[in-house]
Every structure is written in structure tokens, then in C-alpha cells.
Amino acid sequence: MAYQSLYRRFRPQTFDKVIGQGHIIRTLSNQLKSGNISHAYLFTGSRGTGKTSVAKIFARAVNCVSPLKDGSPCGECDVCKELSNPANLDILEIDAASNNGVDEIRNLRDNVKYMPAVAKYKVYIVDEVHMLSAAAFNALLKTLEEPPEHVIFILATTEVQKIPATILSRCMRFDFRLLTIDELVKLLMNAFDGIGRKYEHDALVALAQAGQGSARDTLSLADMCVSYCEGEISYEQVIDALGICSPELILNITDSILQGNVDAALYALNDMYEQGKSISGISREITAMLSNISYAKNCVGANAFLKLTSDMYERVRKVASNIENAKILHAMEVFCYLDGELRYSSLPKVMLEMAVLKACEISSDFTQDGILKRIKALEERANNGSFMFEAGSGEGEKPMPSGDKIWGEIIHEVINENASVRVLLDSYTPVCELKDNVLYAYFADENTCKVISTVSDTIFDAVKRRYPNITELKISTISVRTKTDAEIEKIKNLVGGNRVIITGGKTNG
Ligand SMILES: Nc1ncnc2c1ncn2[C@@H]1O[C@H](COP(=O)(O)OP(=O)(O)OP(=O)(O)O)[C@@H](O)[C@H]1O
Ligand SMILES: [Mg+2]
Ligand SMILES: [Zn+2]
């Protein structure tokens, strides 16, 4: 027999096999038992959550001669047997997505008057009903207004906002919700037990998380793992098959980012490249981990819905407890933006690295917390006298060295401390100038400036240690030194006057 995919093989045939959606099943089951059946239903909700499956069960249930206790079709009686044949004439499935449906709906309108062939009710299941054209909706409306006694409509859609109000008001509406991790784990257990495959529980949780609330998506991923895994379906193999990074690795890199540890973050990134993880996958998983951290920090007992392993949850909580919300928020913003941009970029790897650098950057923390911290640092400096003297103010005080000399001195110090800064500073040498206690560093182009700005705090810290009276480090693009007036004019015209800073002695000419 040809292989049948798990989600088709495990389409529920009775209500008790439908996972989640308890509120819907209960109402439908009660209606069936009391015979109080409506003539038009609307099933809405995300994809793969059971709309079509429940519609099919209900269509057979209303007709079954000896229904089960919960109202489900028995599957044994003559009617059930007849209706399980896809070619039967009483359960009619119309796919509104395949054409915009005018002909089908007109056809339907002409045919509803005929009595069902074997069953009590003729049931029309109109899938993806939001795809109907305006004309088709109008044709449908006529029939919905006064359907014959023997007709039931079940309209299904993922996009309820596209359904005209006139249709909505004539239907009894049921909202199918996304399935929880626990529910998806149960679904997977049933499926793997059903095909006789052994599994690790953690493997099921990883699959359920990847399925994002959709039963169909979860079973499709499970299908892939069934083929991929040898022997027992293990956590390790599932992680590999799905191409996701190990949560430990993701937590490590996210922690480094939140700590502003560029060095460790870039090393972790390279580990992931080496494992062959995709750029967009890495980005998505860092974002998901940031969300976990935010929940673990702000909601007591968050693991009730995060469903991390207890060991992992403890580690996430520990990371969360050492970091302020503002930093988590900053990193989330950077990575959400990245996710939107990645699909358009021809340099996704560079984009990811830029995002990591940017998320690490603490100087961009303009939240109340961040500003208060910086004020406090300034107060401390004021108190310990760092602001007390100006360059060249005292008699006989040593003159300050030139900007270039200061840069040379401190760079030597900085690169010994921090490997990531070393990489950057080895590659780019600026022209420097000291003016009014501000150290200006001019780099060749805007991009270099951006890159260097990510480590400017580290550099400035080193400058301050040696030269406490330097109040600021400014990194910018163009410096004009030793140029003639005519040349300076030309450059100003080229790059815009306000970006040109003239330093030192220019030659005459
Ligand atoms: N609630 C559920 N319980 C058990 N299995 C489910 C459930 N929902 C979906 N499935 C599984 O997913 C498959 C597809 O489900 P179904 O066609 O009912 O989803 P749907 O909501 O109609 O999706 P779509 O919006 O894409 O049409 C089913 O065959 C079944 O294997
Ligand atoms: Mg469907
Ligand atoms: Zn039956």
C-alpha cells in the first residue's frame, strides 16, 4: 500500500478523537443528542485545527441511524457506510478556493430542493468560504435565508474577517483555537503509537513546539521525522531533522547578547554556522528564546505554558533574573526587525551579525533605567573628581598629546582586554583629533563608523582611565587634513558640508 501521510491517516472520525476544541464538540454533541440542529454553521480559526474534520464528522453524525453516546457517527450502519464513500450524493464538499465559486453556488442553489439520496440531511461543506466572489456570496445568501428543511450548511474559513456580515448573521459560529503543546503532544503520541514507533517524550515536545498550534503542521513535521529517524524517535534526531538549534546553544547566545558580550555571542554564532543551521532559523530561535526569557522574568509559573524541560526552564529563569526588561525589549526589537528584513536581503549572514552587534550595544539603551544608570555613573565621576580639571588649565601642567597619539596608546590597552574589539580595531585606523576635551576619531566611511560605534563604550572607558579629563569620544566619517581650500570645497560639495570637519594645518594653494 502506498504510504499515507500521518495527518490523513489520523483524521478523526468520531468526536472523541478530536483533540482540543472541547467547547465546540460539547455544543455540537448536545445539539445532536437533543435534535436541536441549526441549518447553517460557520467554522473559523487557524489552519489545521480541525474545522474540516469536525464538519465531516458532524455531517455523518446528523444522518447516522444509531449514533454513539456522544452523538458521533457509529460507522457501522448502512447510512454511515454509504456516506463514507467519497462519491456519495448527500455530503457535498465545495472548495471555494479552487475557483471563485459562482457556478458551484448557483448549481447548489438549483439542487438544494432535491431530497437527499440515502440520508436524512443533505450537508454542504463549503471550505475556504472567504474565497467566494461577491456574486457567489449573493447566490449563497439567498439559499441561506430560507434553506429547505433537509439541508445543512457548514462553512469553513481561516479568514472570518472576509466574510460579509449578512452571511455571518445567518450562521451559528464556532471558533477553533490553536492547540496547546500538551494537546499536540497527545496527538503525536496517538499517531506514533498508531504506527508502532517508539519515541522520547522530549522529542514530542520539540515537534509540538515547532508545529505552532496547528495539528496538521505538527503531523507533517512528525512525518518527516518518521522517515528521518532511525529506531526510536529521539530528541537529538528530531532537532536535527527539523534543522533547529539545540536550546542550550540558543540560550547561550541569547544570554551573551543580553549581557552585551559581543565576543561570546559571535563565537556562539560561528558554532551554529558550523552545525549548518540556517540564518533565518537562528534568528527566529533567538527571538523565541527572548520571548521565553521575558515570560520567565515577568510571569510566575510561566512554564505551565512555555513547556520547557524543567532543567531548561531553570536556566532560562536564571538568565532572566540577571537582566532588565529594557534590555530584553531592545534585543527583541532588533531581532523582530531582522526577521522582516532577512527575506529581502542578499547578505543574510551579515544582517544577522549586525543584529547581534546591535542587540549587544548597551549605549543605545535610552530607557529610563538606562538613562538613570548613566546619570549615576556621571555622578560618581563628579564625586571622585574626574571632572575637576581642564586640559592645559594649571601652570606647568603637561600638555595633552595629540589625538592620534592618544588613540595609539589606548588601542594598545583595549585590544589586550577584548578579542572582539581587537578584530575591529586591527582592521580600521582612524585619523584622530583632540578638541575641547573631545576626542574625535574619523573613519573612512559610514559603515566603518557603525561597526566601531558598537564598541565605542569599551574604547571610551579606556580613554577615560588614562585621560580622565576627556569628556567624550566622537566617531564620524570625514576628516580633512592637509588639503587646499579648493580641495576642501570640492569635498564639501561631494559629501555635504556638515559632514566635513576640518582639522590641523591645511596647506595653502
Ligand atoms: N483538533 C484536532 N484533533 C486531532 N487531529 C486534528 C485536529 N485538527 C486537525 N487535525 C489533524 O490535521 C488534519 C487536518 O485537519 P483539518 O483539515 O480538519 O484542519 P482545518 O482546520 O480544516 O485546516 P484548514 O484551515 O487548513 O482547512 C487532520 O486530518 C488531522 O489529522
Ligand atoms: Mg479545512
Ligand atoms: Zn451510523
Any residue in region 272-298 that is in a helix (DSSP H, G or I) sitting within a Cβ distance under 7 Å of a residue that is basic (Lys, Arg)? List the pairs, counting only those 6 or more apart or interchain.
Ile279/Lys349; Ala296/Arg317
Helices (runs of 4 or more DSSP H) wholly in region 157-237 with at least 1 residues that are in contact with a Ser or Thr (Cβ under 7 Å, 6 or more places away or on another chain) and under 30 Å from His39 (Cβ atoms) - which ones?
215-228
Name, by its number, the condition in (1) surrounded by fewer than 20 Cβ atoms within 10 Å (Cβ to Cβ); (2) in contact (Cβ under 8 Å) with a residue 24 or more places away in the chain that does not hold for Gly196.
(2)
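For region 447-509, which fully contained strands (runs of 3 or more DSSP E) count at least 1 residues that are at pLDDT 70 or above and in the same structural domain as Tyr428 (by TED's automatic domain parsing)? Outline the logic, then answer.
Working: elements: 472-476, 478-480, 500-502.
Per the criteria, 472-476.
Just name the residue that is farthest from Tyr41 (Cα to Cα) out of those in region 106-148 that are of a type in the set (Phe, Trp, Tyr) and outside any strand (DSSP E or B). Write out each step before concluding.
Going through region 106-148, the residues of a type in the set (Phe, Trp, Tyr) turn out to be 114, 121, 124, 137.
From what's left, outside any strand (DSSP E or B): 114, 121, 137.
On the way: Tyr114: 21, Tyr121: 14, Phe137: 15 Å.
Here the residue is Tyr114.
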Are there any pairs, at least 6 apart or on different chains, whose C-beta atoms fall under 7 Å, with the first in region 141-157 and at negative phi and the second within 16 Å of ligand 3 (Cβ to nearest atom) and assigned to a strand (DSSP E or B), and if so, which?
Ile152/Val123; Ile154/Val123
What about Arg26, is it within 16 Å of Leu187 (Cβ to Cβ) and either in the same structural domain as Arg216 (by TED's automatic domain parsing) or away from ligand 3 (no atom under 16 Å from the Cβ) (or both)?
no
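Quick check on Ala55: is it of a type in the set (A, V, I, L, M), outside any loop (DSSP other than H, G, I, E, B), in contact (Cβ under 8 Å) with a residue 60 or more places away in the chain and within 13 Å of ligand 3 (Cβ to nearest atom)?
Values: of a type in the set (A, V, I, L, M): yes; outside any loop (DSSP other than H, G, I, E, B): yes; in contact (Cβ under 8 Å) with a residue 60 or more places away in the chain: yes; within 13 Å of ligand 3 (Cβ to nearest atom): no.
No: the conditions fail for Ala55.
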Subset of region 300-352 (residues that are modelled with pLDDT of 90 or more, among the acidic types (Asp, Glu) and within 18 Å of the chain's Cα centre (by Cα))
Glu333
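So, Ala119, is that one away from ligand 2 (no atom under 16 Å from the Cβ), surrounded by fewer than 19 Cβ atoms within 10 Å (Cβ to Cβ), among the hydrophobic types (A, V, I, L, M, F, W, C) and over 34 Å from the mean Cα position of the chain (by Cα) or not?
Details: away from ligand 2 (no atom under 16 Å from the Cβ): yes; surrounded by fewer than 19 Cβ atoms within 10 Å (Cβ to Cβ): no; among the hydrophobic types (A, V, I, L, M, F, W, C): yes; over 34 Å from the mean Cα position of the chain (by Cα): yes.
The answer is no for Ala119.
The values are calculated or read from the model by the stated rules, or taken from the named source; none is laboratory data. Only a predicted model underlies this, so the values are computations on that prediction, with no experimental measurement involved. Neighbour counts are summed over all protein chains in view; Cβ atoms, including those assigned to glycine, are modelled from backbone coordinates with ideal geometry.
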